[in-house]
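First the structure, in the form of structure tokens, and then the observations on it.
Read-outs throughout are calculated quantities, based only on the coordinates presented, and are distinct from any laboratory measurement. Being a predicted model, the structure only gives us computed values, none of them experimental. Glycine gets a Cβ as well: all are built from the backbone with ideal geometry, and neighbour counts include every protein chain shown.
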Amino acid sequence: MSSDYDATEFVDGDLEAQRPGSAAPVDAGTGSRAPTREEVDSKVAETQRKLAELKRAQEERERELAGLEETRRRQIELRTGREEMVHHLTRGLGLLEEAEFNTRRDAEQMAKALVDLRDALVKVQAINQETWTRETFSVELTRALTTLEHARMEWNSARVKFRVLSSDPAENGSASSAPGEFPPRSLFATYSISDWCRLGLALTGPLALVAALALLVLVAILFRR
């Protein structure tokens with residue numbers, strides 16, 4: 001009788017397989033079998049679902065990116081527009097303040113000049129030689145000449161300050177002629193087209209006649225030969 005004891009000889013394999021908790025036997029050919037149509041359709045549907053989710057996420061990111069770019073553009077527009085308007089408004093205020101100051105100064109000077117010119121006009125108009133006597137003639141004449149000289153000084157001073165009082169058309173931009181005078185007419189405006197034709201014929205007629213006579217003489221000389 002053998003003394004070796006094998007414990008597996010008394011173990012029922014089918015009974016052990018039916019016990020709860022026992023591992024089911026694994027078929028060696030199960031892991032390498034081909035997928036069924038249902039499994040493929042399920043994989044396709046799952047992949048399509050994931051692609052749709054990715055597409056929706058991409059569209060959402062693109063919309064978010066477009067909104068961020070629009071916000072950045074508006075911020076840049078705000079910054080550049082603000083800097084531009086600050087520059088223009090600051091420069092405009094400076095120019096207008098200077099122009100206002102110059103205008104106010106010119107207005108004050110003009111008002112003073114008006115007072116001085118009116119006063120000089122009154123004094124000049126007050127000169128009346130008919131009231132002079134033989135005894136006061138020299139004094140009144142000196143006084144009148146002094147008044148005229150003072151008025152002339154006021155007038156010349158005003159002319160220097162205000163170009164509108166200048167009598168030179170080139171200074172005040174006026175090309176008006178003196179009263180009773182007419183501006184010179186242009187030479188082209190003086191004559192009509194028919195006048196110009198007659199003038200041209202009168203100038204070129206003698207030359208054409210001389211040329212014709214020379215041609216006749218030349219032809220006669222050629223025929224004599």
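Here are some notes:
- The range 33-174 - percent relative contact order, Cα under 8 Å, separation 6 or more: 15 percent
- For the range 68-137, applying the loop criterion from DSSP together with a ceiling of 10 other beta carbons within 10 Å to the trypsin sites (Lys or Arg not before Pro) yields 134.
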